[in-house]
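The values are calculated or read from the model by the stated rules, or taken from the named source; none is laboratory data. Since this is a predicted model, take the numbers as computed values, not measurements. Cβ coordinates were reconstructed from backbone atoms using ideal geometry, including for glycine residues, and neighbour counts include every protein chain displayed.
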Amino acid sequence: MRLISWLRHLWWNLALRRGVEAALDEEVRGYVDLLAADYERSGMSAAAARRAALVDCRGVEQVKESARDAWIGNTMTVAARDLRFVLRSLRRAPVFALTAVATLGIGIVAGIGGSMLFIHLLRSMFAGLDGVDLTACAFAVAILAVVALLASYLPARRAARLDVVAALRSD
């Protein structure tokens, strides 16, 4: 039963999104109206009661966005919206799109080639070793530690040289 309920909510949130959005909007606005009516009964003017109700619920749009974040399938909806935006942007700038695709292709080919070369190198270095050779394990850990330190040190050194005030002024 739990799977059926999950699938039903997923269907509602993906296929019937406009209706779900309308129901959410009606519910949140109804809550704000009820809260404003409570404030009016306590002696506030209508405008002050409405403003106090909006302040108490921390904004209608923020509440609706929080509710959307909890919906099943929201991640798929956001990913689809982002993908549509990217495709629209790439259609407007075809040279950039070609450059991005070429760069990704070169990076993927270079990464696969580098991985295959590294695997071949490791197999030739550790061909006659047991799985529990402590010297080989220590050597591998040392290499990984050096690579990790370099990968974190170089960008940190560059960021440390950056003049923050000048960078903020240029934006």
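Going through the range 60-85 one residue at a time, which ones are farther than 14 Å from Glu21 by Cα and exposed (fewer than 11 other Cβ atoms within 10 Å of the Cβ)? Reasoning before the result, please.
Filtering the range 60-85 for residues farther than 14 Å from Glu21 by Cα gives 75-76, 78-85.
Of everything in the range 60-85, those that are farther than 14 Å from Glu21 by Cα and exposed (fewer than 11 other Cβ atoms within 10 Å of the Cβ) turn out to be Thr75, Ala79, Arg81, Asp82, Leu83, Arg84, Phe85.
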Restricting the range 76-134 to residues that are at pLDDT 85 or above and polar (S, T, N, Q), the one nearest to Leu144 (Cα to Cα) turns out to be Thr103
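Within the range 58-79, is even one residue without any contact (Cβ under 8 Å) to a residue 12 or more places away in the chain and in a loop (DSSP other than H, G, I, E, B)? Outline the logic, then answer.
Applying the first criterion (without any contact (Cβ under 8 Å) to a residue 12 or more places away in the chain) to the range 58-79 yields 58-59, 61-62, 65-66, 69-70, 75, 78-79.
Checking the rest, the ones that are also in a loop (DSSP other than H, G, I, E, B) come to 58-59.
Yes.
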How about the range 1-33: which of its residues are at pLDDT 80 or above, exposed (fewer than 11 other Cβ atoms within 10 Å of the Cβ) and not small (Gly, Ala, Ser)?
Arg2, Glu26
